[in-house]
Structures are given as C-alpha cells and as structure tokens.
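One structure is given below, encoded as structure tokens.
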Amino acid sequence: GCSGGSMDDSSSSNAKASGDSITIGTVTTNSGTAAAYGEAEVKGFELAVSEINAKGGINGKKVKLESMDDKGDATEASNAFNKLSGDNNVLAVAGPTISATTAAVAPLADQAKLATIAPAATSDSIETGNYLFRTCFKDSYQGEVAARFAAENLKVKKVAVLYGTGDPYSSGVGEAFAKAAEKLGLEVVDKESSSSADDTEYSAQLQKIQASGAELLYAPYYYSVAGPYIIPQARSVGFEGYVMGPDGYDGLKLTGDKSQYNKTYYTTHYSADDNTNTKVQDFIKSYKEKNNAEPNTFAALGYDTIYMLKQAIEKAGKNATREDVRNAVTGMNFDGVTGKFTMDKSGSPTKSVIVLEMKDGKPVYNTTVQPK
Amino acid sequence: MLEIKDLCVSYGAIDAVKGISMHVDDGEIVSLIGANGAGKTTTLHTITGLVPAKSGSITYDGHDLLKTHANKIVTLGMAHVPEGRHVFTRMSVQENLEMGAFSLKDQSGLGKDLEMVFDYFPRLKERRRQLAGTLSGGEQQMVAMGRALMSHPKTILMDEPSMGLSPLLVKGIFDIIVTLRQRGITVLLVEQNARMALSIADRAYVLETGKITMEGKASDLLHDEKVRKAYLGA
Amino acid sequence: MSDNSQPILKAEHLGITFGGLKAVSDFNMTINKGELIGLIGPNGAGKTTVFNLLTGVYKPTEGEFWLDGVRMNGKKTYQVVRAGIARTFQNIRLFKQLTVEENVLVAFDESFTYRMGSAIFRTPGFWKQENEMHEKAIDLLRIFNLEGLATTQAANLPYGQQRKLEIARALATGMKLLLLDEPAAGMNPTETEDLLHCINTIRDRFGIAILLIEHDMSLVMSVCQRIQVLDYGRTIASGTPEQIANNPQVISAYLGSDNNDDADGDSTSKAEPEPSIAKTIQEEGAR
Amino acid sequence: MKKTMLSTKQSYLVCFIGVLAAFGVVMALCESGLADSYIKGIMMTACIAIIMTTSLNLTIGVLGQLTLGCCGFEAIGAYVAALASKYMVAAGIGIDPTTRFLITTLLGGIVACVFGILIGIPALRLHGDYLAIITLGFGEIIRVIIQNLKVAGGMGLDKGAAGQALIGIDRTANLYVVFWIMVVTVVVLFMFSRSRYGRAVKAIRDDEIAAGASGLNTTYLKVLVFAISAFFAGIAGGIFAQYIGSLNPTMAGWLNSINYVIMVVFGGMGSLTGSIVSAIGLTILPELLRAFADYRMLAYSVVLVLVMIFRPQGIFGSWELSLPRLVNRMLLRGTAGKGAKSAAKADAEPETPETATKEA
Amino acid sequence: MDQIIMFVSQLFNGLKIGSVYALVALGYTMVYGIIRLINFAHGDFIMVGAYVLMLTIPAIVAMGLPAWVAVIPAVLVCVAVGVIVEKAAYKPVREKGNSMTALITAIAMSLLLENGSQAVFGADFQTVPTIFHLPSIAFGKLKLPGDTLLTIVIGLVIMAGLQLFVKFTRQGKAMRAVSEDKEAAVLMGINVNSTIALTFAIGSGLAAVASLMYCAAYPQVSPMMGAMLGLKAFVAAVLGGIGSIPGAMIGGLAIGLIESLTKAYIGTITGGIITSAFSDAIVFAILIIVLLVKPSGIMGKNEGEKV
Ligand SMILES: Nc1ncnc2c1ncn2[C@@H]1O[C@H](COP(=O)(O)OP(=O)(O)OP(=O)(O)O)[C@@H](O)[C@H]1O
Ligand SMILES: Nc1ncnc2c1ncn2[C@@H]1O[C@H](COP(=O)(O)OP(=O)(O)OP(=O)(O)O)[C@@H](O)[C@H]1O
Ligand SMILES: CC(C)C[C@H](N)C(=O)O
Ligand SMILES: [Mg+2]
Ligand SMILES: [Mg+2]
C-alpha cells in the first residue's frame, strides 16, 4: 500500500502539557528580505514569555519557546512546522510571519491538529478557522475600514490607490480599499502599482496620481517603504492631499522634514496615547526597557499572540492536549495590547480599528472605528 | 649567466621535467630541442616563474629566480616569448607593443623602440591600430616577439617562434635572432624546426621526456646521427 | 583530372569583407575526386578564412561554391559538414574532456540512427549500434596508431597525437573533401614525416579530396598535386609544385630567396599593400 | 585494469537492487512510523531537489551553459499542475488522486518544456554570463506575469485574485510515488547522458565550433537539453505544488534558481551522483544548522565558501558512484584480495542508480 | 504643456535612480572586466557602505563637518571589505576552481555579508540622516531635484576618470592586460595579484560612493538592501556591455529611464492590460531584446573568437 507514503497521515501525537514546562513552538521569518518583521514578532514573543514566567508561568509551569526560522520560504516553513508538530512537547505554535509561509502551514496545522496562531499574516486567502488562527485583522477588513474613514471622516471624493503586486498584503489591502471605496461612492481616479512592495522609487506612479487630481492616496505598504520613500516622494512631486495606509505603517521610518508626514493617517491596532488601555502603556514601557527601542505592530501582535495562547492553555487546564488548546482558542474573547476582540468563525479576530494621524512626526490618536 | 641545476617540475602527478641542468652564457644562442611533450615549454615557464619548480635551482645574473616574483623577472632583463603567442587580443597592435615596455621605469624611449620593432616587422606597422585578436596567426607571432623586444631584454626566451609562420618569415625570424645576438642579446630558443635552430645556435640541449639526453655544440648535434634521425627527419 | 566530369568542390569568386577589410576576394578553385591541393601564402593572406568560408563559419559576402554540384552558400556549419566537407583547425580544437574514442564517436553522430527512446530504454538496437560504432571508431584510430589510447582523455594527449586525433575526427564525419589547416605546425621534421605518411594513407584509403594549408614547404611540395598561392586575399599563382617553387612573385611574397643577404628586410614589405587596403585597416583598427 | 565480472545486464540488475533497497529503507521508515511528517517532508523536499538539481546539471554540467532561470520553469510546472488539479476537482472529474497527481504533474512538465523550447531558442544564442543573465531575466518575467494573473492567486480558477498566494491545492503528492518519479528522472538523465546524445552535448560543452564542424546540429541539441531540463523542472514544480498545497510567485525568482545552481556546483558539475548527494545534503544542512538559530544562514554561507575553496570542483567533481563497479571490486577482492575502502560510502548513498555502463 | 512637464520630470525620475544604478554598475564592470566574475557581493558592499554612513554621519555632523564627509570612512571600510573578500575567498577559488566555482563563492560571500550584518545590526530598517541639503532647481513648473543632478554629475565624472585611468595610466594598462591574459601580463612585469586587488579596491571604493548617492536619494539601510539594487545594477552593466566603463554608465541610466517611463506610461499605452507592476519584467524584456540583437550589450566589444 501507499498509505505510508502519503504526506497527510500524521501519526497523531499525544502531546500533553504534562511535563513541568510548557513548550510553545514558533515559526518566524528571521532571515531574508522579510526578516525585520519576524525579528519584531520574536521580540514580542520573548517579552511576553519573560513576563509570564516572571509571574509564575502558565498553570504553574514555565513557558519555553522552541523557535524556528523559515527564511520566508514555504518549504522551510513547512519543514519547521513539521518539526514542531512532531515534537510531543510542543503544545501550540505561534507563527508563521508572512502570508506566503502561513498559506503553506495552514493545511499542516489542520493535519497535525495543532493550534497555530499567526500574529501578522493578514492575507484573506489564507484558510483559517480550523487549527490556524490569527491575531491581526484581514486585509479586506482593513481596506474597508480605511475606505469608510476616508469617506466619512476625511470626506474626500477622489481617491487613488498605489500598491505592490509582488506582495500579497499590499495588493490585498489595496484591492479591498478600491472595492470598498467604489461601493461607498468614492471615485477611484487612479490605480497604480509597483512590481514589488520593496521598490525604492515610486515617483513615476506618484506623479500620475498627483496629475489625476486625487485628494487622498491609499498606499498600503510597510513602514520601511512608506516612511522613507512613498510619502517623501509623493510630497516632492507636489502631492499635498491625504496619504493613508494600513497597520504596516506602524513604526513609520521618518526621514527629512517631519512636516511632510502631516496629513498621513493609518489604521492600526493600538495607540500609544490610548489611555483607556493600560496594557498598551505597560507593553511599551517594558518593551523599551528590554530592547532599548520602540515597539512596532509586529512586536505588539507577537506579544498578544503569546498571551492568547496563555489564556487558551489556562482555560484548557493542567493536562491540556493540543486539541484542547485549539478548542479554547476557537471563539475566544481576548483583551490585549492590540485591542479587545473575539475570534470569529473563520479564525480571525473581530476588533475595533484605531486610526492614527501623523503630526510633526508623531502618531497621534485620531479615532476608533468599531467593527460592523 | 643563466644557470639551471637539477630542476624538477611536475603538474600534480605528472612529472614534466625530471632533474635537468643547463646553462646559458652571455651572448650565446642556446637551443633546446625535443619532441612534443618533452618538457621544453615547462622549462621556460619555470624560468620565468609561470610554473613553480618542485626542486632544483635557477639563477640568473646572481639572482635566484625561484625566489623572485614572476613579475619581477622581466625587470632583471629577461623576456619570454611564450608558446601560443598570448597577445592581448582586445588591445591594438601598438598597445600590445607598449605593454611590452611596461616594466621600464623610463618610458621616454617608447617611440624609438616602436620604430625598431616596426623595422623588424613592417607588417605590424601597417596593422598598428588593428585589434591583435583579429590578426592572423603569423601576425600575432610577430606581435609577441615585438612585445618582448620592447622591454630592452638582455636575454630572450623564445618558445617556438617560427610556429605557423610562412617560410619567408621563418627566415626572417631566424635572421632577427642572429641580429639580436649581434646586438649582445642572449637567446634561449625552443624550436621544432631543429635544423634551423641548430644552424644558428652556438650550443644546444636535447630534451627527452623531461630529461636532457644530449648536449653540445650545435654544429656537432646537427651532424649527430641520433639527432638527425629523431629530430631532423633525415 | 577525374573524367567523371563533376568536381568535388567548385568555388567561384568567393570573397569576404570584415568591416572594410577584404580578407579574401575572387577566390576560385576546383578540386576533383582524389586530389590533394595545397593552399599557401603569407601569414594573414586569408587561407584560414577560405576554410571558414567553405565550412560555413563565415558567410561569404560575394561568390558561390558548390560541393558535388550542390550549392553550399549560406548553409550552417553542420549542414556543410554533413554534405561532405570536414576540417581541422589551425589552433587544435578537440573535445578536451572526452576520451579519444568519444571524440571520434561524436563525429560519427550522423551515422547513428537510434533515437532517444532507444537510448533511454537501452534497446538491443542501441547496444548493437554502439558496439558497431565502437568497432568503426577503433578501426579509424588504428590508422593513426591511436587505438591504444582510445580511453585516454583527449586533453592528456601529446600535441602531435592531438593533431592526428583531430584529423581522425574529421574523417569520421564521412566527408568527400577534407580541409587541413597547418597540420604540421609545431611538429619537428620527423613527426612531420610521420604525418605525411598518414595523409597519404587516408587519401588512398578513403579516396577523398584534400585541401591542405601548410607552411612547411617540404610537406607541401612532396604531397600536393597542385598548389594555389594567396596573398592579401587574392590568388597570386597556382600550378604544380615546380611551377610554384619557381614563380618569382611567390618567392618574393612567400618563399623568400635562398640567399639571405637582406637580413632583416623581410619581403612582406615588398608586396606593398594597396592604398585602399591600408586605409580600411586603419578604419578597422579605429572601431 | 578494467577487469569486470558483471555483464551489462547484471550491472543494471545490481543498480535496480540498489534502488529497491533504498526504497525499502524509505518504506520501512515510513511504515514503521519512525519517519514523522518532518522526516517525510524532508525526504519529499530532497526528492524534489534531486529532480531539479540533476536536470539542471544536464544544462550546467553536461552542456556547460549557466542558467539562472530554472525556477521559472519549476513555477510554470507548479502553477499549471495546481490549476489543472483544481480544475479537475472543480469539474468533478472523479479519478483516483494519485492518477490525478500523475496527470497534472506530467502536464506541468509538458507546459514547462514548451516554454523551455520557446525561451531556449533565442536565449541559447548567447553564452556564459550573458546566457545566465538572460535566463535570470526570463525567470523574473515569469514571476512578474504570474503575480499579475488572476487565476494564479487565491483560490484560483474563477475565484482567483492577482497578487495572492495560490491556495487550496489538493495535497496529493505521495512520497512513494515521488520517489519513483525521482528514480525515473535520474535514470532517464543518466541514460541520456550516456548515449550519443550525451556525448554530443558534452562535445558542445568542450568546443562548440568544433562540434559544429563535426556535423552536430548544435542549436538543436542545445535547445533539446534546455527543453529536457525545463521538462523535469516542470515535473518538480508539479510535485512541489501538490506537496506544499499553496504557491507563491516568488518561487520563480532568481534567488531560488541560484539555490539549485549552488547545489549543482556543490555536488560537482556533470556528476549525477554529486547532484543527488548535494541535493540531499543541502536540503538537510539548513535543518541541521537550526541548532545555530540566528547564525544559521551565516554558518551556511561559511560552509559554502569553505567547500568552494577546498574542493573547487565540487564534492564529487565529475566522478560517478557506481554500484556495479563496487560489486565488481568486491567480487574481485574475493579473488585478488584488494580494494576495501569505499564500501562504506556505498551504504551511505545507496539510492544512486548509477552504473559503470555498457562498453565494458 | 503639463504633459511635457510630466514627461520631463519622468525623465528626471529615471535619471535619479539610473545614476545610482550607473555608479553601482561601474563597480561591477571593473571587477568583471578583470577577472570575469559576476561579483554578486558587490550590492552588499553598498550595504556595508550605507551602514558606515548611518553610523558615522551623526558624529561627523556633530563635528561640524558636512554630512557627505562620511563618505571617507565609508570608502575606507568598503575598500577593506572588498580587498579582504578578494584575498580571503575569491583568490584561492580563482587559483583552483573554475568560473562557476567563483560565481558560487561570490554568492556565498553575498549571503555572508547579508547575514553577517543582520547578526550585527539586526534585520530592521534604519534611516540615514539627510546627507545633502541641495535646493531643487526650478524651471517654471518643472522642479529638478538638486541631488539627482549631483548624482548624475558625480557619475559622469567618475566614469570619465575611470576611463582615463584605465586607458592612460600604468596601473590602468596593467588592469587591461591582466583582464585579457594573466600569463602574458606576468611576463610584462605586472603583478597580477596586486592589480586585481587594486581593481577590487577601486570597485569597492566606488560602492561606497554609490552608497552615499543611494542614501542621499533613499535614506534607509537594511541588511538586504543590496540584493535587488545589485541585481538591477548588474543588469545595467550587462545591458551597457559588461566590462565597458561608458557602457555601465549608459546601461545604468537606460535602466533607470526604462523603469521610470514604463511605470508612467505603459498602462496608458497598453490600455491597462500591462500595468506599471510589470516594470521589472519590462526592464528584463528590454535587456533580453538588446542582448539578442547585440549579444555583447550596447557598448560591449564583440569578442567574436577567431577560428
Ligand atoms: N598545465 C598542465 N597540466 C598538466 N600537464 C601538463 C600541463 N602542461 C604540460 N603538461 C604536460 O607536461 C609535459 C611537458 O609539456 P611541455 O608543454 O613542457 O612540452 P613541450 O616540450 O613544450 O612540447 P611541445 O613541443 O608540444 O610544445 C607533457 O606531458 C604535457 O602533457
Ligand atoms: N573575424 C575577423 N575579423 C576581422 N579580421 C579578420 C577576421 N578573421 C580574419 N581576419 C583578417 O583576415 C586576414 C586573413 O586571416 P587568415 O586567418 O585567413 O590568415 P591565414 O592566411 O590563415 O594566415 P596564417 O598563415 O597566419 O594562419 C587577416 O589579416 C586577419 O586579420
Ligand atoms: C509580517 C507581515 C509582513 C505579514 C504580512 N501582513 C503578510 O500577510 O504577508
Ligand atoms: Mg611547448
Ligand atoms: Mg591560418
């Protein structure tokens, strides 16, 4: 028979939280072009774990991380995940980092019946809900919220979109925004794209956007691209309208004149000056202490991911199996740095979105958009 | 002035030169003959440092050549016209010749030296701007010889300079070699055209599979029965 | 010479220009079956270029040539070779990493009929043919006394044997006309004599025509029936070896007189280039 | 020296037994449950890498032309197979998953092969680094096109979304089936390179002008090799798609292609054995280096440089492991009593179906 | 009128990135010219230079010097890195291996530099302080950024300088000789190893200058920044004719212009079928077409081997 050759049959493990410690596996992108995001997530994980252990662990057991790098490569990610799933001590997994690797891990998680929470894999096309969950919002959700904010709060009529086709996040959010904007009656006067989301030169597209008379530019890119390239270049071709972006703008890298970032808005999970959420303040403080740097979204999402697992494992009890953990994550209510939310049926959180505005180089709380 | 003692050279497992000793005195033409693969080229390459020796010694003008950097050897006054010409194919003929003078501290005589070479090889004057890579084989050989002359050598090692040349030019080359000697330049000549080589040389060595099997006055070797049979085709 | 009229090779007004430089012009030649013709001339006269034209390496800019009555202009090298012209190269070009036998087998390739399927499934047909060809290759190598070296890597052969292997490889293409470019270069007179032997053997045994470029006059004069002399791309003389040896133009441009009193005045300078050529050369160089 | 105690047929038999033994090992590991999905995943990845590397070796090692676009063909094969499989599922064509796997994978190979020919004809007019850069360019073009195709993203077919990963591909790749595909690939490549075709291709590598002058249609042969390489790259892609279950356009990028080139050079250009060993080795190495955590890739690059410095011809050079030769030696040792050392090596690498061929 | 202004500013957008490509391509061409090696690590030399800039600019500005003075430490570090890479890795491989081995070594060095700097500096992006404070030059509505003009001028000056250096100086001639035939070069009295080292030093020094111009235009560093930049610049060098100094310049500017113009106009021209997202593909397509028509690139010399 060929059954042994099938890649699907998992010699389903009987992993239990029975030892004197709890192991959480992590798969993140720590080398290659997306290493910065994975690195931030790991810092979030580690901060959470050290806090948890300092307070006595989960159910009295110390938490250990078993960390794997996936180089941003699907094959490596699945190898890493398989390695974790074969390890009976691993009770749950945090990761992977990017959507591309998460897409490959999703079916493996189901097959291994191992609860996996991806902190920041936002792509709509990832199959979630079974054993794969996420801490962040989906691309389409964010795109819609941004369109609503543009129409209702900024009251613009003409918008333009710029996104990178080489990156699922950028194109996913961008397309979602354009679709939602049209539905809301906004006119999408220009839709431009770049070959990848880490180009450095966008002037050509921005010039066209400027010429199209758009009042708002929606440019879903990461902080490392929007900050030093897109916004300054937009300003230098004479675009003076609003610039909006998604949570990837968190931790925007600023260069040159800070005032050029005025009129920039972005949707995200938390705000440093949100006084209603004490968790945020604590998180930022202890992150700074530990890493001597400002945290960004990815660190925050990673931090929350570990706490989500903690809450689930606690709920599942002292002798929790993997299955128990998964059941505990499903539909859970969670209150963390990145918001207060409930896991929906498809394994994504329904959470409120915070909109920040850049003022003289500082993100300032603008408003909170509640989920519909 | 050039003295080789018990020289051994090998390429990995292949022993190409197996303990040869020879010497070339000032103002001599010494010819080195031998069948294909005998180790003639290897010997010349070892002298000018292109190939490392395994053991033995080479001294020139009191310098230990085996301890001299290959690129310094030309400054001691020794030029090498390598087998297969090795011209700089994407440089013009003139640039090739100028490269020959690279080692000279004083570049002022360049023009005169060029004229001297063009005197030897009028063909090169015609083609001075052509890229050397597009020259015919014989023309390239002229470039290689001319280039060696540009370094004001006291000694020239020549590896099959007549290869691929027309009979007229072969004569020309041998004439040049004779002229060179008249001007006080020492020549170590490797040749397949043994008859010609022996007829202009003062002394000669016969190399067979890495060993020197005969040596003596060139005129004697020219009439030696064994040499005639093996190398002169008669 | 041969009475069944059709020459093996007929070339009419062949010529080629390299960016203004007329390397060969108005080249005419007829070779009949079994003939051995010499092509000589000063260095750079255009001899190798003629070979390159005849084997489709260069496309002639003027003129035409026929092999056995079939027009060959514009054919690719392999087509010309399959039609029946094979050559050797002035600078030896062997398949260095292949064995001696494989060098020959490659040139036999056209005579193989088995296809990829047979090769992959190792059908009996495959074995039969490989074995046959192996025999044939060894037979061919035997002519050159190379059969003992069949499994030696070509790069490891001494120079003289490399030359012979190149000829053997050319023969394996099953040609009607063999072009040899300076086969004796770099050989001493004894080795040259041995080569001469080989050339005679193959001409007799295969009944092919041979066109030979060579600077070694002893070889040329002793084997060639006719000799054609090029200078500056043009034919300056053609005829029997005796006629050529005594042709004053050939002597002054190529052979040189036997008395050497004009020591360094090598006589290429006497064959003054035409002004137009000198000019084009300069243009060429400037490019 | 060439004393041989095995006939050709016996040689093949020895190889076949060797392969069977290797398969036995794989099967024993899987059936006994010793190999969990991690080990199986690595074996699967290694099989894919072997197919890629050996077929790439045909172009790089045997033909001597450097290409940096092999993953473009792998991606074509992968996307074609994935979409075909999705189509067959959607259309409700009820066949056995393994049959579907085979059909779609083959289809991926064929389409990749067609592209190989289309790209090879113009590209192979160039040589060396120019060919490398032009094939790199083709790979990148393929990547950009895939990333802009609607059908190549999201759920694919009519539910596709450009710029997204293609997901939900039926994961029908079976390790045993893939093992045999790998064996067939290696055997075909081996037989090809030990035939008149391979000889001709090697001749082109050594001297293209002389090859033409020996009557070889060099253009045809070069394109043929390119097409074969592309075909197997497509096959590898088809397997990959149906193993991993989701695809990304980045797989077509040059960085991935370079990885396989590294494998070829690392193993030794022209050596199938070398390609196999290095494909396995370089698949496992990063996994072993996981212990170094953050310094993993650093360690990997250091290993690469060191190997290149101390073993520039690659681990195997152009040497081929031959089971029959080994058996011969053992038989001869029985009679003559010498040559013992390399038997251990044979055990380490039993899945090499190489032969001391024919011409015995 | 607006259309024309738009077009001209698109041209300048192209020249801006193009002149950076050109500077990088010059380094590739120098090294390739001499040892026929695609120095895959060259893009990473730029990354090294950029990190040096990032680290030293604050100190230099604090000393009251203009920020661009940081190019001096950058050049020093890059030259050191370049020469060390050459001596430690390329030279031993060059002496023993073949061109393919050398290529893999270069790739490995690139990986090493990338992962090494990640280990030292972390993977995250870091910004570089503003380097030039040049005003834009305005022609009516058309604004031409000062640092773009500066980059172009620097590129042209360096190109001319290199060309003169290689053609007329002793060391330059030695480089050409070594690039063609190392054996013959030795016989001319040229020290091959030091000539190659010198070439690497120049190439790496150029990388530092390129990183200055790059960071002026795109003020951010990260360990991976050199990979794509290096590839594009290499494509530029090939397009221009690798080994040719003016070719590198032309190739770089051409790639920049092609990118910018396709991003701006391809959508309109093709009626939206092909969008600006295809710009990378179009750059490669043009490269392919050029190579097929002229296999040695725009300025490359045909090395047509004489048979
Ligand atoms: N680079 C090399 N690697 C390995 N073996 C070599 C190398 N160069 C030469 N040999 C071998 O060394 C021996 C001597 O070669 P060498 O070139 O010195 O002979 P030669 O007398 O100059 O012959 P020829 O008349 O053919 O020029 C030969 O057996 C040759 O095969
Ligand atoms: N590809 C080319 N480009 C430019 N010029 C060329 C080319 N090929 C040959 N030539 C020129 O054509 C002329 C004839 O060259 P060819 O090689 O045919 O001479 P040859 O008669 O074979 O000389 P030799 O006896 O020295 O080999 C030479 O002047 C050469 O420079
Ligand atoms: C960490 C982020 C770069 C992940 C990104 N949001 C994605 O879905 O790919
Ligand atoms: Mg020699
Ligand atoms: Mg010739």
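Entry remark, region A:116-134: residues being modelled with pLDDT under 95 and either in contact with a Leu (Cβ under 8 Å, 6 or more places away or on another chain) or assigned to a loop (DSSP other than H, G, I, E, B) (or both) number 12 in total. Filter region A:83-106 down to the residues that are surrounded by fewer than 24 Cβ atoms within 10 Å (Cβ to Cβ) and facing another protein chain (nearest Cβ under 7 Å), then identify the one that is modelled with the highest pLDDT. Among those that are surrounded by fewer than 24 Cβ atoms within 10 Å (Cβ to Cβ) and facing another protein chain (nearest Cβ under 7 Å), it is A:Lys83. Against the list (1) surrounded by 16 or more Cβ atoms within 10 Å (Cβ to Cβ); (2) under 23 Å from the mean Cα position of the chain (by Cα); (3) within 14 Å of chain D (Cβ to nearest Cβ), the condition E:Lys87 fails is (1). Among all positions in region B:174-195, there is no residue which is part of a helix (DSSP H, G or I), away from every other protein chain (no Cβ under 12 Å) and of a type outside the set (Lys, Arg).
The set of residues in region E:92-108 being in contact (Cβ under 8 Å) with a residue 12 or more places away in the chain and either more than 7 Å from chain D (Cβ to nearest Cβ) or surrounded by fewer than 22 Cβ atoms within 10 Å (Cβ to Cβ) (or both) consists of E:Arg94, E:Ser99, E:Ala102, E:Leu103, E:Ala106. Per the listing B:Leu169, B:Leu135, B:Leu124, B:Leu157, the residue uniquely of a type outside the set (Gly, Ala, Ser), outside the structural domain of B:Lys105 (by the TED database) and within 13 Å of ligand 2 (Cβ to nearest atom) is B:Leu169. Please enumerate the residues belonging to region B:193-206 that are within 15 Å of ligand 1 (Cβ to nearest atom) and in contact with a Ser or Thr (Cβ under 7 Å, 6 or more places away or on another chain). Listed by number, the residues that qualify are B:Asn193, B:Ala197, B:Ala204, B:Val206. Every test in (1) out of contact with any Ser or Thr (no Cβ under 7 Å at 6 or more places or on another chain); (2) among the hydroxyl-bearing types (Ser, Thr, Tyr); (3) over 28 Å from D:Gly92 (Cα atoms) is passed by D:Thr185 save one, and that test is (1).
Taken as a whole, region B:173-184 holds at least one residue that is touching a residue at least 12 places away in the same chain (Cβ under 8 Å), out of contact with any helix residue (DSSP H, G or I) (no Cβ under 9 Å at 6 or more places or on another chain) and away from ligand 5 (no atom under 16 Å from the Cβ).
Determine whether E:Met159 is surrounded by fewer than 24 Cβ atoms within 10 Å (Cβ to Cβ), at pLDDT below 90 and either touching a strand residue (DSSP E or B) at 6+ places or on another chain (Cβ under 7 Å) or over 17 Å from A:Thr200 (Cα atoms) (or both). Considered against the rule, which asks whether it is surrounded by fewer than 24 Cβ atoms within 10 Å (Cβ to Cβ), at pLDDT below 90 and either touching a strand residue (DSSP E or B) at 6+ places or on another chain (Cβ under 7 Å) or over 17 Å from A:Thr200 (Cα atoms) (or both), E:Met159 comes out as yes.
Residue-by-condition table, conditions (1) within 24 Å of the chain's Cα centre (by Cα); (2) within 16 Å of ligand 2 (Cβ to nearest atom); (3) over 15 Å from D:Gln164 (Cβ atoms):
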{"position": "A:Ile117", "(1), (2), (3)": "yes, no, yes"}
{"position": "A:Phe133", "(1), (2), (3)": "yes, no, yes"}
{"position": "A:Gly143", "(1), (2), (3)": "yes, no, no"}
{"position": "A:Tyr169", "(1), (2), (3)": "yes, no, no"}
{"position": "A:Gly174", "(1), (2), (3)": "yes, no, no"}
{"position": "A:Asp199", "(1), (2), (3)": "yes, no, yes"}
{"position": "A:Gln205", "(1), (2), (3)": "no, no, yes"}
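Looking across region B:161-173, the residues that are assigned to a helix (DSSP H, G or I) and aliphatic (A, V, I, L, M) come down to B:Leu168, B:Leu169, B:Val170, B:Ile173. Within region C:11-50, the residues that satisfy the criterion of being more than 9 Å from ligand 2 (Cβ to nearest atom), hydroxyl-bearing (Ser, Thr, Tyr) and touching a residue at least 40 places away in the same chain (Cβ under 8 Å) are C:Thr17, C:Ser25. Taking (1) surrounded by fewer than 24 Cβ atoms within 10 Å (Cβ to Cβ); (2) outside any helix (DSSP H, G or I); (3) not β-branched (Val, Ile, Thr) in turn, A:Glu182 satisfies each apart from (2).
Going through (1) touching a Gly at 6+ places or on another chain (Cβ under 7 Å); (2) facing another protein chain (nearest Cβ under 8 Å); (3) surrounded by 19 or more Cβ atoms within 10 Å (Cβ to Cβ) one by one, D:Val188 falls short only on (1). Just so you know, in region A:60-79 the residues that are facing chain D (nearest Cβ under 8 Å) and in contact with a strand residue (DSSP E or B) (Cβ under 6 Å, 6 or more places away or on another chain) include one that is surrounded by the most Cβ atoms within 10 Å (Cβ to Cβ), and it is A:Met68. Only one of the numbered conditions (1) at the interface with chain D (Cβ under 10 Å from one of its Cβ atoms); (2) buried (at least 24 other Cβ atoms within 10 Å of the Cβ); (3) not acidic (Asp, Glu); (4) not in a loop (DSSP other than H, G, I, E, B) is not met by A:Gln111, and that is (2). Residues that are assigned to a helix (DSSP H, G or I) and within 28 Å of the chain's Cα centre (by Cα) within region C:96-131 comprise C:Val100, C:Glu101, C:Glu102, C:Asn103, C:Val104, C:Leu105, C:Val106, C:Ala107, C:Asp109, C:Glu110, C:Ser111, listed in sequence order. Across region E:117-149, the qualifying residues are those that are assigned to a helix (DSSP H, G or I) and touching a residue at least 60 places away in the same chain (Cβ under 8 Å), and the one among them that is nearest to the other protein chains (Cβ to nearest Cβ) is E:Gln118. Scanning region D:191-210 for residues that are buried (at least 23 other Cβ atoms within 10 Å of the Cβ), facing chain C (nearest Cβ under 7 Å) and within 27 Å of D:Ala49 (Cβ to Cβ) yields D:Ser195, D:Tyr197. Among helices (runs of 4 or more DSSP H) entirely within region D:1-108, having at least 3 residues that are within 30 Å of D:Leu321 (Cα to Cα) and within 14 Å of chain A (Cβ to nearest Cβ) singles out D:8-31, D:37-57. Condition check for C:Ala185 on (1) over 21 Å from C:Gly46 (Cβ atoms); (2) within 16 Å of ligand 4 (Cβ to nearest atom): one failure, at (1). The single condition among (1) within 28 Å of B:Lys40 (Cα to Cα); (2) more than 16 Å from ligand 2 (Cβ to nearest atom) that B:Gly111 does not satisfy is (1).
Applying the criterion of being in contact with a strand residue (DSSP E or B) (Cβ under 8 Å, 6 or more places away or on another chain) and farther than 30 Å from A:Ala34 by Cα to the residues of region A:169-200, the residue that is farthest from the other protein chains (Cβ to nearest Cβ) is A:Leu186.
Here's the yes/no breakdown for (1) without any contact (Cβ under 8 Å) to a residue 40 or more places away in the chain; (2) within 14 Å of chain C (Cβ to nearest Cβ); (3) within 16 Å of ligand 4 (Cβ to nearest atom):
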| site | (1), (2), (3) |
| --- | --- |
| B:Glu3 | no, no, no |
| B:Asp26 | no, no, no |
| B:Ile29 | no, no, no |
| B:Ala35 | no, yes, yes |
| B:Ile47 | no, no, yes |
| B:Thr59 | no, no, no |
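Please find, within region A:114-137, the residue that is nearest to ligand 3 (Cβ to nearest atom) out of those that are within 12 Å of another protein chain (Cβ to nearest Cβ) and not hydroxyl-bearing (Ser, Thr, Tyr). Checking each candidate, the answer is A:Ala121.
The values are calculated or read from the model by the stated rules, or taken from the named source; none is laboratory data. No experiment lies behind these values; they were computed from the predicted model shown. Neighbour counts run over all protein chains shown; Cβ positions are idealised from the backbone, glycine included.
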